[in-house]
Amino acid sequence: MIISCNGRERHLQAGTTVTGLLAELQLNPQTVVVECNKTIIDPKEYDALVLPEDAQVELIRFVGGG
Amino acid sequence: MLKIADKTFRSRLFGGTGKFSSSAVMNEALASSGAEMVTVALRRVDLEDPDDDIMSVLDRERYWFLPNTAGARNAEEAIRLAHLARAVGGTNWLKLEVTPDPRTLLPDPVETLKATEILVKEGFIVLPYMNADPILSLRLQDAGAATVMPLGAPIGTNQGILMRSMIEIIIEQAQVPVVVDAGLGAPSHAAAAMEMGADAVLVNTAIAVAGDPVAMGRAFGLAVEAGRMAYEAVLGASGKHAAPSSPEVGLEFLK
């Protein structure tokens, strides 16, 4: 299955959840926000939410800025 | 004490977290500046470097996070960033920035006002970055902005307070705190803003790119304190002609 993650194509096993994706990317779920198809995903749904084919996923976090 | 919405701050210097050469330098410079509120931006996670994470570097017990919407070109993008900031940071405080032109990074007044109106209704504490326009300042205040943040000069230019007379009018009229943001390049600029009666200043570039950011952080911290103290002490009037500071009487013996 292919999704777009931060603007780049990514191959995932069918059935991958948000939790699964974050684990694969070694990201601490507490420091990122996940947008799927422009909707912010509630962290409570990470375990259950299976990413759909062609999902546009954005992983956003705080960075230095003024 | 500075009060914004329901929160009080001892320091009237807000720090930025961009452009530092390393996290260690940033932390030391912020500590030496005395800042309690710091701005952060939102960007895509760098998937090549997943450990590069400012949340693991900055102590949230010590600093009040003020996420910005830098990069937003219109109200819609700013609102999207605001929602992301709330989701990742658990805060409804927001430095609203809408800058359609990357060359000048000047704030769009129409889109800024529009976004302020919407975000205030959604429960955000909105601190809008704005041009030094006294009428816009009143409009933002009426829309429920928690502060107004007029620019001294364009972002990152270190030019100081180019908009002095307009900022003076803004301060005179404001019912909410006035934070001079952007363009302050030297501690003397920050002190001048505070002497004029600004409630706070926000400084990023001038500290981050200094030869010694840690010493510059402290210099800005001291300047902000000195400027505020001078404002509270009430400055003497300035005039065009000389006025002797030594007595004019008792000089008859020279004649």
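The values are calculated or read from the model by the stated rules, or taken from the named source; none is laboratory data. Bear in mind the structure is a predicted one, so any value in this text is a computation, not a measurement. Cβ sites come from the backbone with ideal geometry, for glycine too, and all protein chains shown count toward neighbours.
For the range B:181-189, the count of residues that are buried (at least 17 other Cβ atoms within 10 Å of the Cβ), touching a residue at least 40 places away in the same chain (Cβ under 8 Å) and not in a loop (DSSP other than H, G, I, E, B) is at least one. Among the residues of the range A:28-44, which ones are within 12 Å of chain B (Cβ to nearest Cβ), touching a residue at least 12 places away in the same chain (Cβ under 8 Å) and surrounded by 13 or more Cβ atoms within 10 Å (Cβ to Cβ)? Matches in the range A:28-44: A:Pro29, A:Thr31, A:Val32, A:Val33, A:Val34, A:Glu35, A:Ile41, A:Pro43.
Taking the criterion of being crowded, with 17+ Cβ neighbours inside 10 Å, assigned to a strand (DSSP E or B), among the polar types (S, T, N, Q) and within 11 Å of chain A (Cβ to nearest Cβ), would at least one residue in the range B:61-71 satisfy it?
The first filter runs over the range B:61-71 and keeps only residues crowded, with 17+ Cβ neighbours inside 10 Å, leaving B:63, B:65-70.
Imposing the further condition that a residue be assigned to a strand (DSSP E or B) reduces the set to B:65-68.
Checking the rest, the ones that are also among the polar types (S, T, N, Q) come to B:68.
Among the residues that remain, those that are also within 11 Å of chain A (Cβ to nearest Cβ) are: B:68.
Yes - at least one qualifying residue is present in the range B:61-71.
Applying the selection to the range B:28-60, what residues are farther than 25 Å from A:Leu59 by Cβ and not in a loop (DSSP other than H, G, I, E, B)? Walk me through it before giving the result.
As a first pass, look at the range B:28-60 and keep what is farther than 25 Å from A:Leu59 by Cβ: B:28-37.
Result: B:Glu28, B:Ala29, B:Leu30, B:Ala31, B:Ser32, B:Ser33, B:Met37.
For the range A:1-51, give me the residue count where each residue is under 27 Å from B:Ala82 (Cβ atoms), in a helix (DSSP H, G or I) and either among the aliphatic types (A, V, I, L, M) or touching a helix residue (DSSP H, G or I) at 6+ places or on another chain (Cβ under 9 Å) (or both). Selection size over the range A:1-51: 9.
Checking the condition aliphatic (A, V, I, L, M) and closer than 18 Å to B:Ala182 by Cα, which residue from B:Val234, B:Val249, B:Val224 passes? Quick ask: steps written out before the conclusion?
Details: B:Val234 fails: closer than 18 Å to B:Ala182 by Cα; B:Val249 fails: closer than 18 Å to B:Ala182 by Cα.
So the residue among B:Val234, B:Val249, B:Val224 that is aliphatic (A, V, I, L, M) and closer than 18 Å to B:Ala182 by Cα is B:Val224.
Among the residues of the range B:190-217, those identified as assigned to a helix (DSSP H, G or I), surrounded by fewer than 24 Cβ atoms within 10 Å (Cβ to Cβ) and among the β-branched types (Val, Ile, Thr) are B:Thr205, B:Val214. Kindly indicate the residue of the range B:7-49 that is more than 12 Å from every other protein chain (Cβ to nearest Cβ) and polar (S, T, N, Q) and also farthest from B:Gly227 (Cα to Cα) among those meeting that condition. Among those residues, the one meeting the criterion is B:Thr8. Filtered by the rule that a residue be within 9 Å of chain B (Cβ to nearest Cβ) and either within 10 Å of the chain's Cα centre (by Cα) or aliphatic (A, V, I, L, M) (or both), the range A:1-27 gives A:Cys5, A:Asn6, A:Leu25, A:Leu27. Selection over the range B:127-145 of residues that are more than 13 Å from the chain's Cα centre (by Cα), aliphatic (A, V, I, L, M) and buried (at least 19 other Cβ atoms within 10 Å of the Cβ) gives a count of 4. Restricting attention to the range B:9-38, the residues being surrounded by fewer than 21 Cβ atoms within 10 Å (Cβ to Cβ) and within 21 Å of B:Leu222 (Cβ to Cβ) number 11.
Only one entry of B:Leu105, B:Leu81 meets the criterion of being over 20 Å from B:Ala215 (Cα atoms), modelled with pLDDT of 95 or more and either in contact with a Ser or Thr (Cβ under 9 Å, 6 or more places away or on another chain) or buried (at least 17 other Cβ atoms within 10 Å of the Cβ) (or both), and that entry is B:Leu81.
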